[in-house]
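J.: I am attaching a structure below and will ask some questions about it afterwards.
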Amino acid sequence: MNEKDESSMANIIEQYWTGVTQRLQVEADVFNSLVRHNGEMGRANEISLMNVLSSMLPSSLGVGTGVIFDHQGNRSSQTDIILFDRAKHPQVLAQTTQLLFPVETVVMALEVKTTLTPGLVEEFAEKKRSFNSLTDSRPGVQKATFGIFGFDCSGAVASIARTVCDQVEAERPDITCVINPGIVGSASSSVPFVPELVPLHATDGIGEKVAGTWREVIKAESAYLEEDRSIYPITALKAYGRTYYAGEPGRALLLFCDLLLADLAARGYMDHHWLANYLPQLAKETQPFEYQ
């Protein structure tokens, strides 16, 4: 595949995931406008995300919610989304909608937040500490991934990144994604597991994206840039910065899915991490926040 074909394929996939992201945001907005109770709003958002995940996972994996426990009697708090191995999950523990999951069956866990704040990041660190204390009865088995997914942020986004950085590395989310404004964090972040902005690329004279160059925006009354029938949130890389950039939520969700599928492939739950073949380096570029 030549460079032009590779770029064209990447654009098709990015456009598709921009549509998926917009649908996810619309569903969240509709649910949240109809439902006043915070718990019910959160549960509706979890269901929307679960539907997206279920559609791309292999049939050997299930998606549920509940409590994770180990053979020593330790247990996690209520966990929003749990990806589990269907073949290993005992049906005797699957008789209600709130399931119990032996830690040996869990592949990945996610906390879902309607609006992510620095305080919720600190709360997550406590849950991660509890999650890390669960003991798998199989020696030498890698611990399941535990991440956080948000639909929106409150306050300066750079403050979210700084709060994650302030946690000890073992208590940071293994994977982070927040749709608005479009941030992603993982082990491959510049600072391990600290989320970075997924910015909208600047383009050259013929409309091609320029690597490592972002669309700078003059902050006006609107918090969004509308362009080519898409909406891009505007954010700053510093907590009190005056230089603003457009985030790219669709690409953030795409990178989150890429990280998730790569994790499953590394654990042997997928034969091949196919999505990586369609993502050139340009599509994977992110920009760290400035919070030191």
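The values are calculated or read from the model by the stated rules, or taken from the named source; none is laboratory data. All values reported here derive from a predicted model rather than from experimental measurement. Cβ atoms come from the backbone with ideal geometry, glycine included; neighbour counts cover every protein chain shown. Just the protein is used for accessible areas: all its heavy atoms, side chains included, with ligands, DNA and RNA removed. Shrake-Rupley method; radii C 1.70, N 1.55, O 1.52, S 1.80 Å.
J.: Give the share of C-alpha pairs in each 5 angstrom bin for region 117-167, from 0 to the last occupied bin, in whole percents, shortest bins first.
T.: Computed distribution, short to long bins: 4, 17, 26, 19, 13, 10, 7, 4, 1.
J.: Give the distance, in whole Å, between the Cα centre of region 253-292 and the Cα centre of region 140-196.
T.: With region 253-292 and region 140-196 each reduced to a Cα centre, they are spaced 14 Å.
J.: Report the gain in length on full extension from Ile231 to Glu216: 0.36 nm times residue separation, minus Cα-Cα distance, nm rounded to one decimal.
T.: 3.9 nm
J.: Next question, about the same structure. Seen from all sides and averaged, what is the projected area of the convex hull of the Cα atoms in region 135-292, in nm²?
T.: If you wrap the Cα atoms of region 135-292 in a convex hull and average its projections, you get 11.1 nm².
J.: Let me ask something else. Enumerate the residues in region 135-156 having an amide nitrogen under 15 Å from the point lying 7 Å beyond the Cα of Asp70 toward its Cβ.
T.: Those under the cut-off are 135-146.
J.: So with the 1.4 Å probe, I'd like the accessible area per residue for region 94-162, rounded to whole Å².
T.: Working: 2850 Å² over 69 residues.
About 41 Å² of surface per residue is accessible.
J.: Ignoring any ligand, DNA or RNA, what whole percent of the accessible area of region 159-235 comes from carbon and sulfur when the probe is 1.4 angstrom?
T.: 48 percent
J.: While we're here: Using the structure shown, select from Lys88/Lys284; Lys238/Lys284; Lys113/Lys238; Lys113/Lys143; Lys143/Lys238 the pairs with a Cα to Cα distance greater than 25 angstrom.
T.: Over 25 Å apart, Cα to Cα: Lys88/Lys284; Lys143/Lys238.
J.: Note down the Stokes-Einstein diffusion coefficient of region 199-272 in µm²/s, whole number, using a Kirkwood radius over alpha carbon pairs, 37 °C, and 0.692 mPa s.
T.: It diffuses with D of about 229 µm²/s by this estimate.
J.: Whenever you get a sec, compute what percent of the accessible area on region 246-292 sits on carbon and sulfur atoms (1.4 Å probe).
T.: C and S atoms contribute 48 percent here.
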